[in-house]
Every structure is written in C-alpha cells, then in structure tokens.
Protein chains: 2
Amino acid sequence: MKQTMSPTQLDQQDPLRDLRDQFDLPAGVIYLNGNSLGPLPKATKERMRLAVEKEWGEGLIRSWNSADWVNLPQRLGAMIAPLIGAQADEVIVADSTSVNLFKLIHAGLKLNPGRNKLVTELGNFPTDLYVLQGVARDNDVELCALERESVIDAIDEQTALVVLTQVHYKSGEMFDLAAVTRRAHERGALVLWDLSHSVGAVPVDLNLAEADLAVGCGYKYLNGGPGAPSFLYVARHHQQRFEQPLTGWFGHASPFAMSDEYEPAADLSRALCGTPAVLGCIALEEGVRLSQQAQMSLVRQKSIALSELFIKLVNERIEGYGFELASPVDAQKRGSQVSLQHPEAYAVMQALIAQGVIGDFRAPNILRFGFAPLYTRFFDVERAVDTLLEVMRDELWRDPRFQKRAKVT
Amino acid sequence: MKQTMSPTQLDQQDPLRDLRDQFDLPAGVIYLNGNSLGPLPKATKERMRLAVEKEWGEGLIRSWNSADWVNLPQRLGAMIAPLIGAQADEVIVADSTSVNLFKLIHAGLKLNPGRNKLVTELGNFPTDLYVLQGVARDNDVELCALERESVIDAIDEQTALVVLTQVHYKSGEMFDLAAVTRRAHERGALVLWDLSHSVGAVPVDLNLAEADLAVGCGYKYLNGGPGAPSFLYVARHHQQRFEQPLTGWFGHASPFAMSDEYEPAADLSRALCGTPAVLGCIALEEGVRLSQQAQMSLVRQKSIALSELFIKLVNERIEGYGFELASPVDAQKRGSQVSLQHPEAYAVMQALIAQGVIGDFRAPNILRFGFAPLYTRFFDVERAVDTLLEVMRDELWRDPRFQKRAKVT
C-alpha cells in the first residue's frame, strides 16, 4: 500500500473495484460484516425469482432433472473447489457447517483407527467445540481442548484428529494451515480444517498442504444468503475409506432405486444425507460465481491493504478512548477482519450500527470489522473509522437503547 | 360421495375449492405429485422476493433480529403443531428429515435405556431404513427390519424404539398411529413416527395417541418448496431427558454467549444444530399458512372422495391393460395417494407426464398418484384417468424416449 495515497485514490487503483457493482448494497450503509453474513449479489435476485417461479412453480417435480437440482451438491462443490485448492470431486455442498463437522469428526476417527483423542483449541468457534463435545460425550473418545499456544504440542500418538478453524472468528488470527497439517501428519494425526472465516477472503490451498478434511460456510464471504448450505472437503485419497454416520438416502449409491439396503455412493456423494436444500443451494451458486471472478491473490492483497488502513487510521485518529487491537499486528497472521477490544464493545457497536456502519459484537468485549475485498472500498474504511470516532467523542454509545442486548448479537 | 354427481358438480360443492386459487399451478398440467413436491403457493413468490431483497438485501445481518430470522425454527414449529395434534412447544423446524431421523433415533435410544433393539418395517421409506442401518452399524444396537405383518409382534422387552412411517410412500397404506403406539407402549417401547406422507393430508393427533417422537417433511403436502426444512416433534414429557448427538450452536441454551461449553437449551431448541436455513424456512412458512386455512376433517373427506373417484374410474374405464391397485381398497387404510402396479410403470408414467398428467414412478413397478385436497379437483381426477386410458390405448408409452431412466424418478 502506498501510504501517501488517499482512500479515494486507492479505490481508483483497485483492480477489484468493479465487482462492487455486482452487489446490492443498501444506500447509506457501510457494511463491514460480510464475515458474518455476506450481502446480496444483484444476480441472486433474478436467479431466485426464476428458481421459485419457473423451476419450482412451472417445472414442479420435473425440475429435479430438467433444472438439474439433483446435481446441485456436486456442481456447487466443483465451483468452490478452486477457491480452496481442491479438486472438483473433493468438495460437496450439504447441510449446515455444524452437521458437516459432525460427519467429518466421525469420519476422521474412522480414518485413523486405534487412536481415540481429538485435539482442538479453546475459544474455537462455539459450534466446533460443541459438536466435538457431543462426539466425546457419546463415544469412547477423549477431547483435548487447549489454549492456542499448547495445541500443537498436544498432538501425540493417541491423536486421531485435530480440529481447528483456520481464521479465528473473534481475533481474525490465522493458523499456518500447511505447517500445522505437516506437524499433525508427522505425529500420525489427521486434521479437519474449518474454513468458515477463510473461504473467499484468504487463499487456501488444501491440496498443496495435503490437507485431510475441511468444512466451510456458505453465507459469509461466499455471499450465499442467510443460512446457506455448507460445504465439506475430503481429500481424494481418503474417499474410499470415508464413512460418515448420517447415512441418508442422498448419500446412497443409487437413491432412486429405493432399495432396502444402504450402500454408500462410490464418490463423495456419500457425504450427503437428506434431500438438498434446493433454494439455499441456488442462492449459494450465485454467490460463489462472484468469488470465481476474482483472482485470490488480488483478493488477499486488497484484504490486507483494507485492514492495514483501518488499523493505521484507528491508531492515528482514535486515541484515548480505550480501544485495543485484538487481532495480530502482523498482516500475514490475520484473516480478512480486524477486531478491537473495548469494555463497552456492545453499546459502541450498537451506536456505530445506528450511524450506518455495520460491524458486529462478539462477547464479551470485541468489536469485529470484516473487510470483504469484493465490495469494500478504502473510502468505507475511512468513513468507518471517522464514524467510530464520532460515536466515542459524542458519547453516542451511552444512549440507553444501545445497552439492551438483542437475541442475536 | 354421491355417486351420481359429475366431477364438475363435485368440484362446485367442494368446501375447499377456493384454496386452489392460492396456488400457482401451470396451465395445461394436472399435478398429482404433491406427495413428492407440493406446488408453489402464490403468496410465496412475493414473500421470497421480500426475504431476498428486503430482509437479506437491505436488512443484512440485522434481520436476524428485525425480521426475526432467529426464531424461525420455533415459529414454524408452532404453526405446524396444530396440524399434527401437538402443542406449540413440541415441534421445531430444522435440517432435513434424514438428519432429524438420526437425532431422534439416538434420542429415543437414550430415552429408553437398557434396551438396544430398534424395530422397523422392510420397505419403509429408504432414508428411514438407511439412517437406522447407520445407527446400528456405528453403535451397540440391533436393528430388526421385518415385513409389515410381523412388525408389531417383534416389539418386545428389548425394544427401545419402533420407527415407522405412518403413510407408506409406495402403497399409501396407513398405520393406525394410536393403536401401534399403544401396543409399543404396552411393551415398554417408544415409537418414532415419520409423518412425511401424512402431514397436511391426513389428520394426525400425536397428543391423543400419546406419541413419543415424530419427524415430517416440509416439501410434500406442506408445500414448502424443493428441499424445504423438516420438522420434528418431541412429546413434552420427554423433553427434559431429550438428548441428541448433533450438538451444534443453535441448540445451545445461549448461542450468542459464545461460551466454550455446550449446554443444551432448556426447551426443544436443543434439537437444533447449525444456523437455520433461512430462505428455506421462509418458503415453508408460506406453505404451512395454506394448510392452516383448511379444516383437517374436510381435507381428509375430500382426499378420500378424490381417491375413491380415481379408483372407481380406473376400474370402470381402464380394463385389460394390466393395472392392479397397489393401495388398500379400504379408504380408511389409505393416505392421500393411490398407487397402481404395472409391468411398464416407468414408461407409462413418462408418457402420462408428457401428456400433462404428473404423477410419479417408484421402483420397480409402481405408478403413484397423489391427491392433495388443497388444489386437486375432481375434474383433474377424471382427466387423469382418461389420459391414462389414452396412453394405453394409443400405446404412447412405447415411445423409446420414455424407456430411458432419468436420474431422479
């Protein structure tokens, strides 16, 4: 980043600047929460209208074949694959991230027989911890959850599977995916990567890292819409032995033969369970198309530039209000978000949102700002910082309506 | 049914006749496949446009609170509850039917400790069998799958859970839900009912039957759209001890506290796993609204009248072509569909569909005709029979393009 350029100049030189036009961003809003829910792509509006009115309304049951609904999980998987350095047949879309975590944790245990320890990080995204705890509760498995600095050393010859989120949801801190995978493999453990806060924002190369298993979220940087289906990845060399517990009919070798005996599909379709969520899949498809248009190296470059500008401006312009950086200073160790710590984080974020700058709060004291390179401008970053200053200087956060916690924060 | 009235007269006297106007049925099509995928309610079009463009597009992340996305699972459950004789807090919407079967089979085993046998019916809907087989494969549990006539007697003092589909997907044959539940309870077993082919078409009273657990499908008679989320039911007296294996964050007592420890929600929200499929839930909500408008006794009455007319006309008009009734003759023992057996069932159904009458084929030799009372007319029944006659008389089914199996049948 050339330090001397203004945000507007940076926007003019941004090679990704035209992509913003493909999103339907509401006027008067600076949206820095694409790490939680990506905004609506313009193309999705018409595509959803077609899906509802033509494919469902007119095509009815025939659309399973004529609109190729039946292959949505595989088709979407193949579209996501290049974003995470995977082959088309190594990725499939299904269910929620939580359900896919459950499948892959069980599958990972079976892929590494004779070992019964699961290793993860304390403070990992809650659903990762909760699903792991459920698996440990219900099976003869030991769950070892440790502070980040102790995780790697805890991987031992009893460890079947390490479950980590590449980019931390709260701090944005990023694991070196390849290095951790290598270390785990050296000790005979497999790794399941949660890419929910990486995919679409950070370059990921699962094949290069010889990664085993991964899951990721469709509604964050992939812009797939609220509650979009999730994806999962299983390295090709694990697929033959891949066995998961949710043996529903869409994972069958031949679902419409309607036989009485479960026989898993020969390929990764065996990771499917029930009937795919067609409407959710279709919205996700449009979202993924946008990520396909951007070169990941440019995405990463812009993500870093946006984040660095934010940190620089916060340091320069917001002094004496008690904010502390809760993300790594080193851009190479950060995902596409910057988090600030503040004792009044909840109220400050509510006041900021009321001023049109949408980030989010994470308990107990974190303000998160996501910088999604496909539509965030350098101009937005400067405006966000100046609005935060306004919120603090004018004590807007003291308004009583910003104190009361909403159900979803 | 007054035998002397013409189909047109029957339609004129139909108390549900106005509901048809609320569906967007394509011209020139007689749709007898609502038992597989219900048609598009007109209201869903505008509702989905609002969900996509306003709630997602403009509301963005804020809509979790402002559009109440966060309560969709509970709100939808409460809407479905009266259709199945349940209390509002006994039903919740989540995931797919297959995933919910998995949750409830595990939960049922835990609710009935000291017993390790699961009983089901051979020829049950495939996903029910497959999920049961997966549970048996991965746990110390015996699965006992028997022909229908032997199922009841197989329920013994080792049986933890009986898993049955109330209305058979292929034959339409209906179990007496209350009687089977009573028999199972006498032997100390619990019952999990799959209501996928019942809900919205057949009166169900789970509370009256003192039923334990149930699941059901959102995209058949509830008209919730392709791959709509499923619902599950847990009787109130089981909820305190209800524990399921998919311990994702939406089942937590306080998901947004983001704590490291899983603590199940006090209520049936503990049956949730990941982030709800918002777009799918919203489409389902509009579908369920239509079922709420119809009195179930009138729905059942019309369903029987439609089915009886179909059987009568097939008997009268289609002779000597080798069709056999594959559903019970007794209307009280049938759900809302009639199945015919024919050696060339696949090709015959394809020819029929090409003529604008949409039913479906089920391997190996079944033609299924669903009579969804909310939008099917007596006139449609007569036209369907006459078109079937035409297909046979003119040997339209011999066309080679009707021989090749599509991926989804």
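Taking interchain pairs and intrachain pairs at least six residues apart, which have beta carbon atoms under 6 angstrom, with the first residue in region A:52-70 and more than 15 Å from A:ALA283 (Cα to Cα) and the second β-branched (Val, Ile, Thr)?
Correct list of pairs: A:TRP64/A:VAL70; A:TRP64/B:VAL408; A:ASN65/B:VAL408; A:VAL70/B:VAL408.
Inside region A:234-267, can you point out the residues that are more than 8 Å from every other protein chain (Cβ to nearest Cβ) and in a loop (DSSP other than H, G, I, E, B)? Talk me through it step by step, then tell me what you get.
So the first thing to find is which residues in region A:234-267 are more than 8 Å from every other protein chain (Cβ to nearest Cβ), and the list is A:234-244, A:253-254, A:263-267.
Across region A:234-267, the qualifying residues are A:ALA235, A:GLN240, A:ARG241, A:PHE242, A:GLU243, A:GLN244, A:ALA253, A:SER254, A:GLU263, A:ALA265, A:ALA266, A:ASP267.
Tell me, which residue of region A:9-33 that is outside any loop (DSSP other than H, G, I, E, B) and out of contact with any helix residue (DSSP H, G or I) (no Cβ under 7 Å at 6 or more places or on another chain) is farthest from A:GLN295 (Cα to Cα)?
A:GLN9
Identify, by number, the condition in (1) under 23 Å from the mean Cα position of the chain (by Cα); (2) buried (at least 24 other Cβ atoms within 10 Å of the Cβ) that A:THR247 doesn't meet.
All conditions are met except number (1).
Could you check region A:197-217 and list, in sequence order, the residues that are more than 22 Å from A:LEU298 (Cβ to Cβ), small (Gly, Ala, Ser) and either in contact with a Pro (Cβ under 8 Å, 6 or more places away or on another chain) or touching a residue at least 40 places away in the same chain (Cβ under 8 Å) (or both)?
Passing the criteria: only A:ALA214.
Return the residues of region A:78-103 that are assigned to a helix (DSSP H, G or I) and surrounded by 24 or more Cβ atoms within 10 Å (Cβ to Cβ); say none if nothing qualifies.
The answer is A:ILE80, A:LEU83, A:ILE84, A:GLU90, A:THR97, A:SER98, A:VAL99, A:ASN100, A:LEU101, A:PHE102, A:LYS103.
Give me the residue from region A:83-126 that is among the charged types (D, E, K, R) and under 21 Å from the mean Cα position of the chain (by Cα) and, out of that set, nearest to the other protein chains (Cβ to nearest Cβ).
Kept after step one, since they are among the charged types (D, E, K, R), are these residues of region A:83-126: A:89-90, A:95, A:103, A:110, A:115, A:117, A:121.
Cutting the leftovers down to under 21 Å from the mean Cα position of the chain (by Cα) gives us A:89-90, A:95, A:103, A:121.
On the way: A:ASP89: 17, A:GLU90: 22, A:ASP95: 7, A:LYS103: 10, A:GLU121: 10 Å.
Among those that are among the charged types (D, E, K, R) and under 21 Å from the mean Cα position of the chain (by Cα), it is A:ASP95.
Quick one: in region B:26-73, of everything that is under 30 Å from B:LEU340 (Cβ atoms) and more than 8 Å from every other protein chain (Cβ to nearest Cβ), which residue is surrounded by the most Cβ atoms within 10 Å (Cβ to Cβ)?
Looking at residues that are under 30 Å from B:LEU340 (Cβ atoms) and more than 8 Å from every other protein chain (Cβ to nearest Cβ), I get B:GLY38.
Select the strands (runs of 3 or more DSSP E) contained entirely in region A:336-409, then report the ones holding at least 3 residues which are in contact (Cβ under 8 Å) with a residue 12 or more places away in the chain, touching a helix residue (DSSP H, G or I) at 6+ places or on another chain (Cβ under 7 Å) and closer than 22 Å to A:GLU308 by Cα.
The qualifying strands (runs of 3 or more DSSP E) are A:366-370.
Scan region A:325-333 and give yes if some residue there is farther than 30 Å from A:PRO7 by Cα, part of a loop (DSSP other than H, G, I, E, B) and not basic (Lys, Arg), otherwise no.
No: region A:325-333 contains no residue that is farther than 30 Å from A:PRO7 by Cα, part of a loop (DSSP other than H, G, I, E, B) and not basic (Lys, Arg).
Quick test for you: out of A:PHE256, A:PHE323, pick the one residue that is over 18 Å from B:THR127 (Cα atoms) and buried (at least 17 other Cβ atoms within 10 Å of the Cβ).
Sole residue among the options that is over 18 Å from B:THR127 (Cα atoms) and buried (at least 17 other Cβ atoms within 10 Å of the Cβ): A:PHE323.
Kindly indicate whether B:ASP212 is at pLDDT 95 or above, of a type in the set (Asp, Glu), surrounded by 22 or more Cβ atoms within 10 Å (Cβ to Cβ) and under 10 Å from the mean Cα position of the chain (by Cα). It would help to see each step written out before you state the result.
Values: at pLDDT 95 or above: yes; of a type in the set (Asp, Glu): yes; surrounded by 22 or more Cβ atoms within 10 Å (Cβ to Cβ): yes; under 10 Å from the mean Cα position of the chain (by Cα): no.
So B:ASP212 fails the test.
Do you know which residues across region A:67-82 are under 24 Å from the mean Cα position of the chain (by Cα) and among the aliphatic types (A, V, I, L, M)?
Listed by number, the residues that qualify are A:LEU72, A:LEU76, A:ALA78, A:MET79, A:ILE80, A:ALA81.
For every residue, the table says whether it meets (1) touching a Phe, Trp or Tyr at 6+ places or on another chain (Cβ under 6 Å); (2) under 18 Å from B:THR181 (Cβ atoms); (3) in contact (Cβ under 8 Å) with a residue 24 or more places away in the chain.
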position	(1), (2), (3)
B:ASN100	no, no, yes
B:ASN112	no, yes, yes
B:VAL119	no, yes, yes
B:VAL131	yes, no, yes
B:ASN139	no, no, yes
B:GLU142	no, no, yes
B:GLU147	no, no, yes
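Suppose we filter region A:121-135 for residues that are in contact with a strand residue (DSSP E or B) (Cβ under 6 Å, 6 or more places away or on another chain), hydrophobic (A, V, I, L, M, F, W, C) and in a helix (DSSP H, G or I); how many remain?
The number of residues fulfilling the criteria is 1.
Determine which single condition A:TRP64 fails, assuming it passes every other condition in (1) modelled with pLDDT of 95 or more; (2) over 20 Å from the mean Cα position of the chain (by Cα); (3) part of a loop (DSSP other than H, G, I, E, B); (4) hydrophobic (A, V, I, L, M, F, W, C).
Among (1) modelled with pLDDT of 95 or more; (2) over 20 Å from the mean Cα position of the chain (by Cα); (3) part of a loop (DSSP other than H, G, I, E, B); (4) hydrophobic (A, V, I, L, M, F, W, C), A:TRP64 violates only (3).
What about A:ALA283, is it in contact with a helix residue (DSSP H, G or I) (Cβ under 7 Å, 6 or more places away or on another chain), of a type in the set (Gly, Ala, Ser), closer than 30 Å to A:LEU298 by Cα and away from chain B (no Cβ under 14 Å)?
no
What is the number of the single condition among (1) within 14 Å of chain A (Cβ to nearest Cβ); (2) in contact with a Pro (Cβ under 9 Å, 6 or more places away or on another chain); (3) more than 18 Å from B:PHE102 (Cα to Cα) that B:LEU309 does not meet?
(1)
If we keep just the residues of region A:349-382 that are basic (Lys, Arg) and at pLDDT 95 or above, which is surrounded by the most Cβ atoms within 10 Å (Cβ to Cβ)?
A:ARG368
Can you name every residue in region A:211-233 that is assigned to a loop (DSSP other than H, G, I, E, B), away from every other protein chain (no Cβ under 13 Å), within 18 Å of A:LYS103 (Cβ to Cβ) and among the aliphatic types (A, V, I, L, M)? Quick ask: steps written out before the conclusion?
Filtering region A:211-233 down to residues assigned to a loop (DSSP other than H, G, I, E, B) leaves A:211-212, A:217-229.
If we keep only those that are away from every other protein chain (no Cβ under 13 Å) too, we end up with A:211-212, A:221-222.
Subsequent filtering for residues that are within 18 Å of A:LYS103 (Cβ to Cβ) retains A:211-212.
Across region A:211-233, the qualifying residue is only A:ALA211.
The values are calculated or read from the model by the stated rules, or taken from the named source; none is laboratory data. The shown structure was predicted, so the numbers you read here are calculated from the model rather than taken from an experiment. Methodologically, a virtual Cβ is constructed for each residue, glycine included, from the backbone with ideal geometry; neighbour enumeration extends over all protein chains shown.
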